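Shown next, in structure tokens, is the structure this report addresses.
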Amino acid sequence: MRLRNSAWAGCSVLLALLVLAAQGGHEQPTLGQAARVVGLVISFRDGRPPHRECLPYRVGMTGIQALQASQYGDRLTLQDFGGALGPALCRIDGVGCALEQGCLSCPDDAGRASFWGYYYRDGEGWQFSPLGAGARQVLPSTVEGWAWSLVEGDASSQAPPDLGIVDVCGLPRVRLPVIIG
């Protein structure tokens, strides 16, 4: 019996070391923390790489509140339409529409009508949100997305890059060994 307990203890230590090695020494959310985070992806369409950010989840948080909680929160221009429409995103970090342009859609640098498209990920990938970001409540362990998009064209083809919660928040992919015996 003592040999079996020693074997289990050795396996437990080995498993713990494997998990730590897989994380590369970086502080990353654990699998248990996944239920308390929301991923955010922003695609600017101006040559910079997509922005990825892992945010703390709050019960009742809306898509616009997730964006406001991001590192771009102080570089947003919003217009509040009140009622069911709520706030609309005009500009992030200088990309988008000025309030005087009407906010919801304006010409981009090439003169094409553009807007900030709001997306969320489900089991099938990115979905264009039929609700405004102020009306849609986010869920834990999901990813919210924003893409500077053209008015003309298919919204799904302009979605942010295909990044899930593991890609955005760095959650470790842990494969447990099978112990026989």
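The values are calculated or read from the model by the stated rules, or taken from the named source; none is laboratory data. These numbers come from a predicted model, not from an experiment. Reconstructed Cβ throughout: ideal geometry from the backbone, glycine too, with neighbour counts over all protein chains shown.
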Would you check if Ile92 is closer than 18 Å to Val41 by Cβ, modelled with pLDDT under 95, touching a helix residue (DSSP H, G or I) at 6+ places or on another chain (Cβ under 7 Å) and β-branched (Val, Ile, Thr)?
no
Candidate set from the stretch 66-93 (those that are touching a strand residue (DSSP E or B) at 6+ places or on another chain (Cβ under 9 Å) and assigned to a loop (DSSP other than H, G, I, E, B)); member that is nearest to Trp148 (Cα to Cα):
Asp93
Checking Gln137 against (1) touching a residue at least 60 places away in the same chain (Cβ under 8 Å); (2) within 19 Å of Arg52 (Cβ to Cβ), the condition it does not meet:
(2)
I'd like to know if the stretch 40-48 contains one or more residues that are in a strand (DSSP E or B), under 29 Å from Gly170 (Cβ atoms) and basic (Lys, Arg).
no
Quick one: would you say Ile165 is within 20 Å of Val59 (Cα to Cα) and hydrophobic (A, V, I, L, M, F, W, C)?
yes
How many residues, within the stretch 90-104, are touching a Lys or Arg at 6+ places or on another chain (Cβ under 7 Å) and either under 15 Å from Ala135 (Cβ atoms) or surrounded by 19 or more Cβ atoms within 10 Å (Cβ to Cβ) (or both)?
2
Out of the stretch 106-132, which residues are surrounded by 17 or more Cβ atoms within 10 Å (Cβ to Cβ) and either under 18 Å from Ile64 (Cα atoms) or hydroxyl-bearing (Ser, Thr, Tyr) (or both)?
Ser114, Phe115, Trp116, Gly117, Tyr118, Tyr119, Tyr120, Arg121, Trp126, Ser129, Gly132
Single condition Gly153 does not satisfy, out of (1) modelled with pLDDT under 90; (2) closer than 15 Å to Arg52 by Cα; (3) of a type outside the set (Ser, Thr, Tyr)
(2)
The stretch 37-89: number of residues that are surrounded by 14 or more Cβ atoms within 10 Å (Cβ to Cβ), in contact (Cβ under 8 Å) with a residue 60 or more places away in the chain and over 13 Å from the mean Cα position of the chain (by Cα)
3
Kindly check whether there is at least one residue in the stretch 96-105 that is assigned to a loop (DSSP other than H, G, I, E, B) and in contact with a Gly (Cβ under 8 Å, 6 or more places away or on another chain).
no
I'm told Leu67 meets every condition in (1) modelled with pLDDT under 95; (2) under 22 Å from Trp126 (Cα atoms); (3) not hydroxyl-bearing (Ser, Thr, Tyr) except one. Can you identify the failing condition by its number?
(1)
